[in-house]
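Have a look at the structure below before the remarks.
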Amino acid sequence: MKKIKIFSEITVYDEIAELPENIQTLMAQAVAIREMAYAPYSHFRVGAALMLENGIVVTGNNQENAAYPSGMCAERVAIWAAGSQYPDQKILQIAISARSENHLLNQPIPPCGACRQAIAEYEVKQDKDIEIYFMGEVGKIYKSASLHDLLPLVFDSSNL
Ligand code: THU
C-alpha cells in the first residue's frame, strides 16, 4: 500500500485590473451575459465567456426551469454552444462570473462538477489545455491553467 499526492495549481489575482488585458475583456463579457441569465428560482446568476482560437467569443448563462433539474449551468450552455457552432475551433480560455441577488459573492465561484466534466471532454477533444478564470461578483479571481487542476483523476475517453 502507498499513498499518492495529487498536485493542483491555482493562480490568484486580487482584482480584475491584475488580469491580462484580454482576460479583463473576456471577464467583462462573462459579467454582461451573467446579467441576462434566466435564474428566477435560485436568484443566482452565472455568466461564462469562451475565447476561441479564431478570436470569436461564445457566451452563455444559466437557464433555469420550474422542473429544477431541467435547468442548465452557464458553463455548459456556453461550451455546448461553442461545440455546436464552432466544432473545429479550440477553446483557449473560459471566464466565469457569478452574482447572487441575495448576498454579495466576494469569493471565486468554481464551476460545478458536471461542468468540469463537460469542459474536460473538450480539453481532451482539442488536445489543448483550457485556461479557466472564475470569480464571484467582486474580489479575487482564480485561474486554473488546465481543467486537470480543477478535476484531478478525471474520467475521459482514455478510460473507455
Ligand atoms: N450554476 C451555474 O450556472 N454554474 C455552476 O457551475 C454552478 C451553478 C447555476 C445553476 C443554477 O441555475 C444556479 O447556478 C444555482 O445553482
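List of remarks:
- Accessible surface, the chain, averaged per residue in Å² (probe 1.4 Å): 55
- Proximal lysines relative to Lys140, as straight alpha-carbon distance under 29 Å, when same-chain residues fewer than 8 apart are discounted: Lys5, Lys90, Lys128
- If you plug the beta carbon distance of Trp80 and Asp14 into 1/(1 + (r/R0)^6) with R0 = 22 Å, you get a FRET efficiency near 0.10.
- Residue-averaged 222 nm ellipticity for the chain, from DSSP H runs of 4+ at -39500 (n - 2.57), nearest 500: -8000 deg cm²/dmol
- Accessible surface of the chain, 1.4 Å probe, proportion on carbon and sulfur as whole %: 54
- Computed extension length for Val138-Gln63: 24.8 nm, one decimal, from 0.36 nm per residue of separation with the Cα-Cα distance subtracted.
- Straight-line cross-link reach from Lys125 at under 16 Å between alpha-carbon atoms covers these aspartates and glutamates, not counting any fewer than eight positions away in the same chain: Glu53, Asp88, Asp156.
- Estimated FRET transfer efficiency (Glu35, Ile4; beta-carbon r; R0 30 Å; 0.05): 0.10
- Exposure ranking of Phe7, Phe155, Phe44, Phe134 by accessible area [1.4 Å probe, largest first]: Phe7, Phe155, Phe44, Phe134
- D (Stokes-Einstein, µm²/s), Kirkwood Cα radius, the chain, 1.306 mPa s at 10 °C: 99
- Computed accessible area, Arg45, all protein chains, 1.4 angstrom probe, square angstrom: 40
- Sequence of Val12, Val77 when ordered by accessible area, the most exposed leading, probe 1.4 angstrom: Val12, Val77
- For the range 137-154, the Karplus equation 6.51 cos²θ - 1.76 cosθ + 1.60, evaluated at θ = phi - 60°, returns couplings of 7, 9, x, 5, 10, 9, 10, 10, 6, 8, 4, 4, 5, 9, 9, x, 6, 5 Hz by residue, with Gly and Pro reported as x.
The values are calculated or read from the model by the stated rules, or taken from the named source; none is laboratory data. Predicted model, so just to flag it, every value in this text is computed and none were measured. Neighbour counts are summed over all protein chains in view; Cβ atoms, including those assigned to glycine, are modelled from backbone coordinates with ideal geometry. Remember, those area values only see protein heavy atoms, side chains included, never the ligands or the DNA or RNA. Shrake-Rupley method; radii C 1.70, N 1.55, O 1.52, S 1.80 Å.
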